[in-house]
1. As an exercise, take the mean of 1/r over every pair of distinct alpha carbons in the range 159-317, invert it, and state the Kirkwood radius in angstroms.
2. So for LYS183, LYS317, fewest C-beta neighbours within 10 Å to most, what's the order?
3. Give the cross-link partners of LYS164 among the lysines, using a straight C-alpha distance below 27 Å as the criterion and excluding same-chain residues fewer than 8 apart.
4. For labels at GLU47 and SER207 in the simple 7 Å Cα→Cβ model, what's the distance in nm?
5. Cut-off is 10 Å between beta-carbons; in what order do SER5, SER206 appear when sorted fewest neighbours first?
6. Report, for the chain, the % of DSSP beta bridges that are antiparallel, rounded to 5.
7. Between SER83 and ASP126, what is the FRET efficiency for a Förster distance of 51 Å, r being their Cβ-Cβ separation, to the nearest 0.05?
8. List the residues of the range 243-263 whose backbone N lies under 15 Å from a point placed 7 Å from the Cα of ASP25 along the Cα-to-Cβ direction.
Amino acid sequence: CIRDSVYSARKEALIKPLLDQYTQDSGIKVNLVTGSGDALLTRLQSEGRNSPADVLITTDAGRLYRAQQAGVLQKADSEFLDSAIPPHLRSIDGYWYGLSVRARAIVYASERVQPGELSTYENLADPEWKGRICVRSSSNIYNQSLVAGMLASRGEEKTAAWLKAFVANFARPPQGGDRDQIKAVAAGQCDLALVNSYYLGAMLQSSDPAERNAAARVAIFWPNQGDRGTHINVSGAGLTAAAKNVTAARALIEFLATDDSQRWYAQTNNEYPVREDISPGSLLESWGEFKADQVDVTELGRYNAAAVMAMDRAGWK
Ligand code: FE
């Protein structure tokens with residue numbers, strides 16, 4: 001009997017119901033292993049050709065690129081995926097495909113910041129923001145990809161200067177995850193934070209009243225609408241190099257890009273569908289449309305090492 005084995009850096013609640021639907025439709029059973037993105041990549045590398053995994057699902061183009069470079073993925077050769085998913089949101093040679101889009105936005109204290117004071121990521125380096133910015137550590141891939149995107153569009157010199165002034169504006173040494181930055185803004189420890197958009201959605205819909213209250217005190221702002229657009233990233237999937245059932249594994253990734261899956265996959269985590277013909281849910285629509293940076297997300301992987309070095313040099317802990 002055919003089986004797909006999936007390594008997923010997405011939490012079980014964000015993927016299992018969809019895989020169950022796939023099994024119902026196709027008759028192909030799925031073994032699901034969940035773990036952190038970095039741990040799953042290490043595991044795939046050490047298992048090599050003996051890995052039971054057929055499909056890797058993970059977040060951030062930086063990680064997908066890293067998996068491709070590590071040699072644990074193979075080309076999917078899927079005409080459907082190549083036509084459904086915009087070229088700048090996938091590996092151009094088919095090693096991985098973006099399946100949902102997230103934006104790294106500014107979340108600000110509605111009581112202390114007027115949206116008219118905000119404009120670009122670059123503007124956050126201005127002295128007016130001194131001691132007012134919260135952001136998580138530079139060891140986090142989301143920040144690395146943000147800086148990689150800036151390196152790709154603005155070059156090394158401008159990015160280095162920006163980083164130095166931006167870091168000087170931090171309200172506190174980087175700590176915690178994106179939700180913690182939103183909580184710190186709500187608690188008055190800082191006036192704005194850079195966070196992935198879906199965390200605000202998750203907090204607004206949280207069963208924890210403290211998270212809902214914090215989220216209600218902040219608003220979202222899309223930076224760089226007058227130039228390159230807000231930095232976006234993807235969650236995605238690739239066929240593993242060790243895949244035994246290439247046809248079934250490809251079918252599973254294709255299933256994740258179908259209309260219904262795209263809607264469910266994006267909306268369950270308050271993300272944007274990667275396909276432009278599928279509309280996001282009502283919460284995201286209430287945040288308004290925004291111009292997204294059109295840079296090929298592969299660049300985020302390509303510039304990752306340079307980004308890590310530049311952040312380190314600027315003293316971003
Ligand atoms: Fe996340």
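What follows draws every value from the coordinates through simple rules; no lab data is involved. The structure presented is a predicted model; accordingly, all values stated were derived computationally and were not measured. No Cβ is skipped: glycine too gets one built from the backbone with ideal geometry, and neighbour counts run over all protein chains shown.
1. Values: mean 1/r = 0.0546 Å⁻¹.
One decimal place: 18.3 Å for the Kirkwood radius.
2. LYS317, LYS183
3. Here the lysines satisfying the reach criterion relative to LYS164 are LYS130, LYS183, LYS291, LYS317.
4. Placing both labels 7 Å along Cα→Cβ, they lie 3.0 nm apart.
5. Numbers: SER5 22, SER206 15.
Placing the least packed residue first, the sequence is SER206, SER5.
6. On the way: 25 of 38 bridges.
If we restrict to bridges inside the chain, about 65 percent are antiparallel.
7. Working: r = 43 Å, r/R0 = 0.85.
FRET efficiency, SER83 to ASP126: 0.75.
8. Of the residues in the range 243-263, 248-263 have backbone N under 15 Å from the label point off ASP25.
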